[in-house]
Amino acid sequence: METRIEYDSMGPVEVDARRIYGPQTQRSFNNFKIGDHRIPIEQIKALALVKKACALTNAKCGAVTEEKAKLIAQVVDEIVDGKWDEEFPLTVFQTGSGTQTNMNVNEVIAHRAKQLDESNPLHPNDDVNRGQSTNDTFPTAMHICAYFEITKRVIPALDGLIESFEKLQKKGKGLQKVGRTHLQDATFIMVDQEISAFVEGLKTAKTMLLQNADHLLDVALGGTAVGTGVNTPKGYLDVMETVLPEVTGAPFRVKNNKFQGLALKDAFMMAHGALNTLATTLFKIANDVRFLGSGPRCGYGEWHLPENEPGSSIMP
C-alpha cells in the first residue's frame with residue numbers, strides 16, 4: 001500500500017495515499033482496531049450538516065472568509081450525497097465524546113477542499129472546526145440523525161402499517177367472533193373491534209414518538225467545550241438560530257441552557273422510551289397475530305397467514 005506522511009501535534013503519521021482523511025483519523029484507525037461496527041453514515045452526514053451550518057455562521061460573523069465557507073459547504077454537499085462514504089472508516093469504539101470522528105469529518109472536508117481549490121487551503125481545526133468542540137457538534141449531529149431517522153424512516157413505515165391494519169379492520173366489519181381473556185373464551189367481539197385495538201395502539205405509539213422526537217430539535221450547538229461558548233465569534237448564536245434550520249431543513253432550536261444540553265441526554269432517553277413503547281406494541285400485536293393464526297388443525301386457526309416458505313425440514 002502506498003502511503004503519504006501527514007503531521008499533527010504529535011508528529012508524523014503514515015496515511016493511506018488513496019484516502020483523503022488525515023493523521024488524527026489514521027491514529028484512531030490504528031489505535032482502535034476493535035470490531036467492524038463503523039459509525040453510522042447517517043451520523044456522519046448529520047455531522048457534516050453541522051459543519052456547513054457552522055461555516056456559514058462563521059462567515060456571517062466574519063470569523064472565516066466567504067470563500068472558505070463556500071468550499072466547506074460544497075464538500076458537505078458531496079458528503080451528504082454519499083460521494084465520500086469510504087473516507088469514514090472509524091468504528092464506534094473510540095473515545096467517549098466522538099472526537100476522532102469529529103476530526104475525521106474535519107480532515108476530509110479540508111483535504112477535499114484543497115483538491116477543489118489549492119489556492120485557498122483549509123485547516124481542519126482552525127477553519128472547519130472553528131468555534132466548535134466535539135462536545136457540542138457531535139451531540140447536535142446525534143440529535144439531527146435521530147430526528148431524521150424517526151421522522152423520515154420510522155414514521156412513514158409506521159403509517160404504512162397503520163394503513164394496512166385499517167384496511168383489514170374494514171374487512172372485518174360485521175363479523176362476530178369469540179373474545180378471549182388470558183387465552184380463555186370470553187364474551188363475543190366483532191373482528192373490526194379486535195383489529196381496532198391494533199390500529200389505535202399504533203396511532204398512540206406514533207403520537208408519543210412524534211411528541212418525544214420534538215425534544216430532539218433542541219440542540220446545544222454553540223456551547224463548545226463546556227457550555228460557555230468559548231471561542232465562538234460575537235453574534236454566533238443569533239445567526240445560528242436562523243442558519244441551522246435552513247441547512248437541515250428542519251426546525252432545530254439552539255438551547256438557552258447549553259450546560260444542560262451538554263451534561264444530560266434526556267432528549268435521547270425520551271425518544272428511546274417512545275421507540276421502546278412502539279417496539280413493545282409491535283411485539284404484542286405480532287404475538288396476537290401468531291396466536292390467532294396458530295394451527296391450522298389444533299390451534300385457534302382464526303387468521304389465515306400467508307404461506308411464504310416451508311416452515312420445517314421434517315413436517316409438511
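Would you mind checking which residues have amide H under 5 Å from THR3's amide H? H placed 1.01 Å from N; only 5 or more apart, or other chain.
ALA17
Quick one, which of (1) 16.8; (2) 22.5; (3) 15.7 is the actual mean projected area of the Cα convex hull in nm² calculated for this model?
Of the labelled values, this structure produces (2).
Using amide H atoms built in the peptide plane, which far-off residues or other-chain residues are under 5 Å from VAL219 H to H?
For VAL219, the qualifying residues are ARG253, VAL254, LYS255.
Can you tell me the 0 to 90 degree angle between the C-alpha axis of helix 191-213 and the longest principal axis of the chain, rounded to 10?
20
Would you pull out the residues with amide H under 5 Å of THR91's amide H, same chain only if 5 or more places away, H placed 1.01 Å from N?
Counting only residues 5 or more places away or on other chains, the set is ILE39.
What does a probe at ILE189 reach in the range 143-171, counting residues whose amide N is under 15 Å from the point 7 Å along Cα→Cβ?
169
With a 10 Å Cβ neighbour count serving as the proxy for reagent exposure, in which order, fewest first, do TRP303, TRP84 appear?
Values: TRP303 16, TRP84 22.
Placing the least packed residue first, the sequence is TRP303, TRP84.
Got a sec to turn the phi values of the range 55-67 into Karplus ³J(HN,Hα) couplings, 6.51 cos²θ - 1.76 cosθ + 1.60 with θ = phi - 60°, whole Hz, x for Gly and Pro?
So the Karplus estimates, Gly and Pro as x, are 5, 5, 5, 4, 5, 5, 8, x, 8, 9, 6, 4, 5 Hz.
Just how far, in whole angstrom, is the range 1-45 from the range 111-134 if you go by their alpha carbon centroids?
Taking the Cα centre of each part, the range 111-134 and the range 1-45 sit 17 Å apart.
Ranked highest first by average number of other Cβ atoms within 10 Å, how do 102-108, 183-189, 274-280, 12-18 line up? Kindly include the intermediate steps, with their values, before the conclusion.
Working: 102-108: 27.0, 183-189: 9.9, 274-280: 15.9, 12-18: 13.9.
With the highest mean Cβ count within 10 Å placed first, the list reads 102-108, 274-280, 12-18, 183-189.
Which ordering of HIS143, HIS304, HIS272 is given by a fewest-first count of other beta-carbon atoms within 10 Å?
So the residues, fewest neighbours to most, are HIS304, HIS272, HIS143.
Compute the orientation-averaged projected area for the range 46-104 from the convex hull of its Cα atoms and round it to one decimal in nm². Write down the numbers at each step before the final one.
On the way: hull surface 17.4 nm².
Over all viewing directions, the range 46-104 projects a mean Cα-hull area of 4.4 nm².
Label points 7 Å out from Cα along the Cβ direction at ASN257 and GLN211: separation in nm?
2.2
Based solely on its DSSP helices, what 222 nm [θ] is calculated for the chain when runs of n ≥ 4 H residues each add -39,500 (n - 2.57) and the sum is averaged over all residues, nearest 500 deg cm²/dmol? Mind showing how you got there, number by number?
Numbers: 10 runs with 164 residues, N = 316.
Roughly -17500 deg cm²/dmol at 222 nm, from the helical runs in the chain.
Per 0.36 nm of contour for each residue apart, how much would the distance between ALA157 and GLU66 grow if the chain were fully extended, relative to their Cα-Cα spacing?
Details: separation 91, 0.36 × 91 = 32.76 nm, distance 4.08 nm.
Contour length minus Cα-Cα distance gives 28.7 nm.
Hey, got a sec? Which trypsin sites (Lys or Arg not before Pro) in the range 213-316 land in a DSSP loop and have at most 15 other Cβ atoms within 10 Å? Please report the intermediate quantities before stating the final value.
Working: sites: LYS234, ARG253, LYS255, LYS258, LYS265, LYS284, ARG290, ARG297; in loops: LYS234, LYS255, LYS265, ARG297.
Answer in residue order: LYS234, LYS265, ARG297.
Which entries of LYS203/LYS255; LYS51/LYS255; LYS70/LYS152; LYS33/LYS265; LYS173/LYS203; LYS234/LYS255 show an alpha-carbon separation above 22 angstrom in the structure shown?
Details: LYS203/LYS255 30 Å; LYS51/LYS255 18 Å; LYS70/LYS152 28 Å; LYS33/LYS265 28 Å; LYS173/LYS203 20 Å; LYS234/LYS255 17 Å.
Check vs 22 Å cut-off fails for LYS203/LYS255; LYS70/LYS152; LYS33/LYS265.
Can you give the FRET efficiency to the nearest 0.05 for LEU175 and ASP266, using r as the Cβ-Cβ distance and R₀ = 51 Å? Before the final figure, lay out the partial values.
Working: r = 46 Å, r/R0 = 0.90.
In this case the efficiency is close to 0.65.
Could you state the principal axis extents of the C-alpha atoms in the range 119-244, from the largest down, to the nearest angstrom?
Taking max minus min along each principal axis of the Cα atoms, the range 119-244 gives 75, 32, 23 Å.
Helix 266-292 sits at what angle to the longest principal axis of the chain, using alpha carbons and giving 0 to 90 degrees rounded to 10?
It is inclined by approximately 30 degrees.
Karplus couplings for the range 164-178 from phi (6.51 cos²θ - 1.76 cosθ + 1.60, θ = phi - 60°), rounded to Hz, Gly and Pro as x?
5, 5, 5, 5, 5, 4, 5, 5, x, 5, x, 9, 9, 8, 7
Once phi is turned into ³J(HN,Hα) by the Karplus curve 6.51 cos²θ - 1.76 cosθ + 1.60 with θ = phi - 60°, what whole-Hz value does each residue of the range 302-314 show in order, with x for glycine and proline?
Those phi angles translate into 7, 10, 9, 7, x, 8, 9, 6, x, x, 7, 8, 10 Hz.
Could you work out the relative contact order of the chain, using alpha carbon pairs under 8 angstrom and six or more residues apart, expressed as a whole percent?
On the way: 434 pairs, mean separation 50.5, N = 316.
Taking the mean separation of contacting Cα pairs over the length of the chain, I get 16 percent.
What number do you get for the range 3-130 when its Cα radius of gyration is normalised by 2.2 N^0.38 Å, N = residues? All intermediate terms of the calculation are to be shown ahead of the outcome.
Working: Rg = 14.0 Å, N = 128, 2.2 N^0.38 = 13.9 Å.
After normalising by residue count via 2.2 N^0.38 Å, the value is 1.01.
If one takes the longest principal axis of the Cα atoms in the chain, at what angle in degrees, from 0 to 90 and to the nearest 10, does the Cα axis of helix 99-116 lie?
Here the helix axis deviates by roughly 60 degrees.
Readers should treat all values here as calculations from the given coordinates under stated rules, not as data from a laboratory. Remember, it's a predicted structure, so these values are computed and weren't measured experimentally. Don't worry about glycine lacking a Cβ; one is built from the backbone with ideal geometry, like all the others, and counts go over all protein chains shown.
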